[in-house]
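**Student:** My structure is below; once you've seen it, I'll send some questions.
Here, each number is a calculation from the coordinates, and none is a lab measurement. Nothing here was measured: the structure is a model prediction, and the numbers come from that model. Cβ placement follows ideal geometry from the backbone for every residue including glycine, while neighbour counts extend to all protein chains displayed.
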């Protein structure tokens, strides 16, 4: 499976699946760098897990719609608004 396909599959799942298979999606050394409307955030493995858990508790029906998936070498980025 290509990196791009892996990322697409991640966004097609729901948060409950992601939480139960978290280590299949996120390497223990991963970092999430995120520019939100409240500023820059950097989350480690546990921080990402906690964030997804809080999102699921607050918005159990939240889904993403992928509008762009770009890949260069082994890097993949998406534009995927939540609905």
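**Student:** Suppose we look only past 20 Å in the calculated P(r) of region 3-79. What percent of the Cα-Cα pairs does that tail hold?
**Tutor:** On the way: 1012 of 2926 pairs.
Summing the P(r) tail past 20 Å for region 3-79 gives 35 percent.
**Student:** Right, something else. How far apart, in nanometres, would the label points at residue 77 and residue 2 be if each is projected 7 angstrom from Cα along the Cα-to-Cβ direction?
**Tutor:** That separation, rounded to one decimal, is 1.8 nm.
**Student:** Helix-only mean residue ellipticity at 222 nm, the chain, DSSP H runs n ≥ 4 weighted -39,500 (n - 2.57), per residue, nearest 500. What is it?
**Tutor:** Taking each H run of at least 4 residues, the total per residue is -11500 deg cm²/dmol.
**Student:** Right, next: Place the peptides 3-14, 62-73 in order of packing, highest mean first, counting for every residue the other Cβ atoms within 10 Å and averaging per peptide. Before the final figure, lay out the partial values.
**Tutor:** Numbers: 3-14: 14.1, 62-73: 11.5.
Final packing ranking: 3-14, 62-73.
**Student:** How big is the gap, in Å, between the Cα center of region 52-75 and the Cα center of region 2-49?
**Tutor:** Their Cα centres are 8 Å away from one another.
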